[in-house]
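Quick notes on the structure that follows.
The values are calculated or read from the model by the stated rules, or taken from the named source; none is laboratory data. Bear in mind that the values here come from a model prediction, so they are computed numbers and not experimental data. Reconstructed Cβ throughout: ideal geometry from the backbone, glycine too, with neighbour counts over all protein chains shown.
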Amino acid sequence: MSTWSATALNTAPDSENRIHGDELAKEYGFEGGLVPGVTISAYLVHPLIELWGQDWLERGFADCRITSPLYDNENFSVETNIQDESKAYTTLIRNNGIVSANAEVNISRNLPVPPMLRGDKFVTEAYEAPNATKEVWKSLKSTGCLAFNFNWGGSDPLIYLKDENLLPTLLQPKDGGFSNLCFLLGCSNWILAGNAYMNPWVHLQTISQNFRAVPLGASLIAEMEINNIYEKKGHEFIDVFVNLFDSKDESCVMSINLIAIYKLRGVK
């Protein structure tokens with residue numbers, strides 16, 4: 001068992017999803033704005049990227065589950081339990097001892113066949129996402145979702161720690177680093193929210209498979225399809241598959257299964 005410790009960063013305090021802002025989060029009984037689930041997921045795999053390096057970026061699998069909130073500037077630790085040379089379990093523990101998230105992380109020695117680009121219609125600037133409802137999701141499941149384009153890099157690349165020097169070297173943008181899980185899983189959040197407007201909503205789980213490391217400056221195409229829409233304990237859930245492709249050669253770099261609460265219990 002090994003332990004890595006750090007300080008949490010709310011990477012989306014100004015998001016349209018105001019669950020990441022203090023005001024709305026407190027209305028729902030939270031201590032403050034929630035650190036995004038994609039950021040927490042990046043914390044869960046950080047120790048394994050330090051251990052396995054680029055091999056994980058090219059063949060890695062992660063099943064990350066968020067079970068309790070994590071807040072900005074909160075100290076936390078990630079405990080890593082290595083099972084063998086290519087499999088581990090990680091647990092993120094808040095400073096107060098509460099488990100916030102856990103993950104199964106491994107390197108896929110026999111990669112599944114990567115998804116193929118379908119050629120979904122791209123979103124336009126004029127598109128206004130409808131409010132997320134069961135009927136809207138059912139319509140998107142039937143007619144298909146809009147594709148989006150996302151770029152890794154730029155003047156302010158998305159990173160999951162306040163100081164990029166604390167990232168694994170191969171993920172540091174200043175050195176031309178590869179994309180991190182916070183950005184890549186973030187693409188699944190953004191395409192979900194881009195197809196139907198949700199506020200507030202809560203990211204719960206991602207199951208992701210890497211097929212290729214994403215270099216600085218890469219342009220990605222994101223395509224999404226609805227897997228399931230359901231209700232549980234008064235919350236309304238959305239379950240989607242998102243595939244990310246390199247814009248240049250259309251090869252798949254990552255597949256993602258995202259599960260989220262799109263409508264919290266009590267929201268009208």
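Would you mind finding the one in G176, G186 that is more than 15 Å from the chain's Cα centre (by Cα) and closer than 19 Å to E164 by Cα?
Being more than 15 Å from the chain's Cα centre (by Cα) and closer than 19 Å to E164 by Cα holds for just one of G176, G186, which is G176.
T39 is checked against (1) among the hydroxyl-bearing types (S, T, Y); (2) outside any helix (DSSP H, G or I); (3) out of contact with any strand residue (DSSP E or B) (no Cβ under 8 Å at 6 or more places or on another chain); (4) at pLDDT 95 or above and fails just one. What number does that condition carry?
(2)
Among the residues of the stretch 44-82, how many are touching a strand residue (DSSP E or B) at 6+ places or on another chain (Cβ under 7 Å) and under 17 Å from Q209 (Cα atoms)?
Residues meeting the conditions: 16.
With the condition kept exactly as written, say whether any residue in the stretch 193-209 is within 22 Å of A147 (Cβ to Cβ), in a strand (DSSP E or B), of a type in the set (G, A, S) and at pLDDT 95 or above.
yes
For the stretch 1-13, which positions are farther than 12 Å from N73 by Cα and either surrounded by 18 or more Cβ atoms within 10 Å (Cβ to Cβ) or modelled with pLDDT under 70 (or both)?
A12
Could you check the stretch 70-92 and list, in sequence order, the residues that are surrounded by fewer than 19 Cβ atoms within 10 Å (Cβ to Cβ) and touching an Asp or Glu at 6+ places or on another chain (Cβ under 8 Å)?
Listed by number, the residues that qualify are K87, Y89, T91.
Out of the strands (runs of 3 or more DSSP E) lying entirely within the stretch 214-263, which hold 1 or more residues that are farther than 23 Å from C182 by Cβ and modelled with pLDDT of 95 or more?
Hits in the stretch 214-263: 219-232, 235-246.
Conditions (1) assigned to a helix (DSSP H, G or I); (2) free of Cβ contacts under 8 Å to residues at least 60 places away in the same chain, marked per residue:
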| residue | (1), (2) |
| --- | --- |
| P114 | no, no |
| L117 | no, no |
| T124 | no, yes |
| W137 | yes, no |
| C145 | no, no |
| N149 | no, no |
| P157 | no, yes |
| Y160 | no, no |
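Out of curiosity, is A147 in contact with a Ser or Thr (Cβ under 6 Å, 6 or more places away or on another chain), modelled with pLDDT of 95 or more and not acidic (D, E)?
So A147 does not fit the description; no.
Filtering the stretch 77-128 down to residues that are modelled with pLDDT under 95 and aliphatic (A, V, I, L, M), which residue is farthest from F148 (Cα to Cα)?
Filtering the stretch 77-128 for residues that are modelled with pLDDT under 95 and aliphatic (A, V, I, L, M), the one farthest from F148 (Cα to Cα) comes out as L111.
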